[in-house]
Structure formats: C-alpha cells, structure tokens
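To start, the structure itself, in structure tokens.
The values are calculated or read from the model by the stated rules, or taken from the named source; none is laboratory data. Because the structure is predicted, anything quoted here is derived from the model rather than measured. Cβ coordinates were reconstructed from backbone atoms using ideal geometry, including for glycine residues, and neighbour counts include every protein chain displayed. Surface areas here come from the heavy atoms of the whole protein model, side chains and all, with no ligands, DNA or RNA. Shrake-Rupley method; radii C 1.70, N 1.55, O 1.52, S 1.80 Å.
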Amino acid sequence: MGNATEWFDYGIYSYGVIYISVALFPGDVGEAVLFALATFAISFLVRPLGGIFWGSLGDRFGRKSVLVLTILLMSGATLSIGLIPSYDNIGLWAPLLLIVLRMVQGFSTGGEYGGAATFMAEYAPDEHRGFYGSFLEVGTLSGFSLGALLMLTFSLLLGDEAMRAWGWRIPFLVAAPMGLVGMYLRSRIEDTPVFRAHEAASRIKPSPGVAALVRRHWRPMMVVGGLVVALNVINYTLLSYMPTYLQRRIGLSPDEALAVPLIGMLFMMPFLPFAGGLSDRIGRRAMWYVSLIGLLLLVTPLYMLMGTGLAGACLGFILLGLLYVPQLATISATFPAMFPTSVRFAGFASAYNISTSIFGGTAPAVSSGLITVTDNELMPAYYMMATCLVGLAALHFTPETAGRSLYDDPFAQ
C-alpha cells in the first residue's frame, strides 16, 4: 500500500505532465513540457540525501518507524501539489512551489523505496524471497496504473479544456487518504524478524557515515548502482516518459497516450509473482540476463512497432513491459541481500538512489532532449540499449543470492 502511494504520485505527475506544464509553467506548450520534465528530474537530486538520512535511521532504530514517516511526507507533498495556484495567478511562485514539493517527495522517496524493499526482504522466507518480494512491485504498477486510470477517467469525463484549467488537480488530492491508510497499516505491524534478532543480539551500532559505508561496502554499492542504471532508465522511460512520447512524438491523442501504458501495466502485473517465484528456483542472475539481453536485442524494433499507431503502440509496450518484468519482479529479493543487516537499509538506499538520481530521474528529459537534438524518434530506444550494456557489465560481478540467508554477506567470501 505504501509503495503504491509513492508510485501513484509519479504516475499522476507523468501522465498529467501536459496539463501540469500548461497550468504551472510559462512559455508555449513545448517549452512548458520541457520545464515540467526537468522538474521531474530535479526531485531526484535529493533522493541520495534521503537515502542516507532515512537509511541510517532505519539501520539504527528500525525499518517500521522510518516507513511510517516517509509515507506521511510523500502523500502530504503530493496533496499540496494539487493545491498550488496556477502560473497566471501567482507567477513564478507556481513553478518554485512545485520544485520545493517535488524535492520533499524526492527526500521522502529516498527512504521509502529502500526501506520498503528491505522490509519485504527481511520478512520473506529465504527460499521464497523472490515470490514475496515481487508483490512490492505489484504495488509499484498498481500506483502507476491508478494514477493513469484517474487521469484518463477525468480526461474523458471533463474534456481537455477543463483538465487544463482544474481537472488535473483531482488525482493529486487522492494521495491524502491513500497516505493515511498506508500509515495506519504500517503502524500496526512489527518490525522485521531479521532486524529484531539483530537488535536482541545487542549488535546495533550507529550507522557508519557515507565515507565509511563506501569504504567498507563499495563492491555491493557499485554492483547495485550499475544494475540500477539499466533498471531505472527502462523504468522511467516506459512508465513515466511514455505518455508524453506517445502524444508528442507518435501523434496519439492524450487519451490514447494514457491508455497505452495503462493497458501494458495491467498485462505486466500478473506476471510479477510468477517471475519472482521463478527466480527462487533458477536464480536472480538468470532472470536479469534474460531481461537485459532481450531488451538489448528487441527494444528498437518494438519502438518502431509503437510508431505504427495505437494498436502497434499497445502491443509494443506490452512486449517491452514483459521483457522488463524479470528485473522489476526481483528488485527487493536481489538488492537488499547484497548488504549485511547492520548497513542494509543505508547501503541499499544510498546506492540505489544515487544511481537513480543521475540516470533514472533524468531519463524522460534526456530522451526528449536527444530526440530534439537528433530529430530521431528512436533515441529513447538507443539510450535504453546503452544502459542495458551497463547492466550486463554489473551483472557479471553480481553474486547469486537466491535461497541464501540474509544473515550472510555474499561479498565477504
């Protein structure tokens, strides 16, 4: 529920970026959209700070307390975005307030995702960690899907003029009750068995600073960072940038551009638990190899298929999404297992968010900029191919953690 709330925000921002840009930014539509995509990237600049801050607290005081706070910050900032007056009413204060609130979201998300993945991994049985952890990503796609569905529904009901004037705000207001429900659920559960065992053994020490964390655990941080380059460029290109790409570059209507990713994500969701469970049997590395090599070979022809029209866009997105599923389904089973319990939250959150802030959050703006510079609509596909090569290089150094206890340190051997 908490992960769905987090990604619900990214969904409604991504799928409503055309409306948000017109309402809150100056200039013509093209310039405003570019500003809005850049603001999307700005929020990622503070994610590493959030990962270090919340990760250190989570390793010292427990995962649960941090997750309760991050969901409150996230949902509160999302609600506030829906209340920002338009640029016509308050001028430059509108984009400035949006930037501040996006940075609050980025700071909270820096702890939210790392904490949630760590929490899921530490609760799951070793032999079924992939299957259990895959449901975290069901929450990811559920949040994105709900955001897309709300934007599409209100667009169909209200029309383009009303959506640009005020309709885009309604989905942002939904974040408040979602956050309260998530906070209630999190406050009612115990901290993870792994953390409680660690705490009972009186081995809790203040988390090391950034320099010490990197010095002692640089290998898992480098591996996670490299894998995340591929993971999140693909993620944010498919799930965040795609509606803008389909509308502005392929020529689909706003409603069609929202419907394509929604259909694709609904197809992806049932395969997540299957892929997670399969990783428990054949290993995480095998799943990642299949995904990365498959995308490397097929992403360009599938982008060409999406350029043929609505039917081709739906089929191309579905196939890209299914190729991405083996990575997405195994995140919380793969990454937390690379770090020892004492630094698991901070190490994972820091490495994940540093890589995400540099490559993932900038993927929509980079993809749009590459098309503008080269006038080539396939540049997002070429960019994804390059990041798949980075992911394959990192995967070569990734230890297999399927079935291994979280009390082990795979890089200590």
Determine the share of the chain's accessible area contributed by carbon and sulfur atoms, expressed in whole percent, with a 1.4 angstrom probe. 70 percent
Using Cα pairs under 8 angstrom and six or more residues apart, how large is the relative contact order of the range 249-395, in percent? 31 percent
Using alpha carbon coordinates only, what is the Rg to Rh ratio of the range 120-251, with Rh defined as the Kirkwood radius? 1.08
Arrange the peptides 314-326, 246-258 so that the one whose residues have, on average, the most other Cβ atoms within 10 Å appears first. 314-326, 246-258
Counting only protein heavy atoms and leaving out ligands, DNA and RNA, the solvent-accessible surface of T78 at a 1.4 Å probe, in Å² to the nearest 10, equals 0 Å²
Scaled to the compact-protein estimate 2.2 N^0.38 Å, what is the alpha-carbon radius of gyration of the range 55-160, rounded to two decimal places? 1.36
Helix-only [θ] at 222 nm, the chain, -39500 (n - 2.57) per DSSP H run of 4+, per residue, nearest 500, equals -24500 deg cm²/dmol
Take T5, T372 and sort them by solvent-accessible surface of the protein heavy atoms, 1.4 Å probe, largest at the top. T372, T5
Considering only protein heavy atoms, with the full assembly of protein chains and a 1.4 angstrom probe, order M103, M269 by accessible area, largest first. M103, M269
So what's the net charge close to F411: Lys and Arg +1, Asp and Glu -1, counting the other residues with Cβ under 14 Å from its Cβ? +2
So how exposed is Y184, as accessible area in Å² (1.4 Å probe, rounded to 10)? 130 Å²
I'm checking a number: the convex hull volume of the Cα atoms of the chain, normalised per residue, in Å³. What is it? 122 Å³
Taking N as the number of residues in the range 80-141, the ratio of its alpha carbon radius of gyration to 2.2 N^0.38 Å works out to 1.71
For A402, the residues 5 or more places away or on another chain with a placed amide H closer than 5 Å to its own amide H are R284
Given the C-alpha atoms of the range 271-407, compute the convex hull and give its volume per residue in Å³. 110 Å³
Between the helical axis of 63-81 and the dominant principal axis of the chain, each derived from Cα atoms, what acute angle in degrees is found, rounded to the nearest 10? 10 degrees
Return the Rg/Rh value of the range 226-279, two decimal places, where both radii are evaluated on C-alpha atoms and Rh is the Kirkwood radius. 1.08
Using a 1.4 angstrom probe, figure out how much accessible area the chain has per residue, in square angstrom, rounded to the nearest whole. 37 Å²
How much length is gained on full extension from A162 to E127, taking 0.36 nm per residue of separation minus their Cα-Cα distance? 7.4 nm
Rounded to whole Hz and in sequence order, give me ³J(HN,Hα) for the range 18-25 from the Karplus expression 6.51 cos²θ - 1.76 cosθ + 1.60, θ = phi - 60°, writing x for Gly and Pro. 5, 6, 5, 4, 5, 6, 10, 10
Determine the distance separating the Cα centre of the range 116-156 from the Cα centre of the range 377-413; give it in Å without decimals. 21 Å
Jot down the per residue volume, in cubic angstrom and as a whole number, of the convex hull over the alpha-carbon atoms of the range 299-352. 88 Å³
Determine ³J(HN,Hα), in whole Hz, for all residues of the range 227-238 in sequence, where each value follows from phi through the Karplus function 6.51 cos²θ - 1.76 cosθ + 1.60 and θ = phi - 60°; x replaces Gly and Pro. 5, 5, 3, 5, 3, 8, 5, 4, 4, 6, 6, 6
Normalised by the number of residues in the range 1-87, what is the relative contact order in percent for Cα pairs under 8 Å and 6+ residues apart? 36 percent
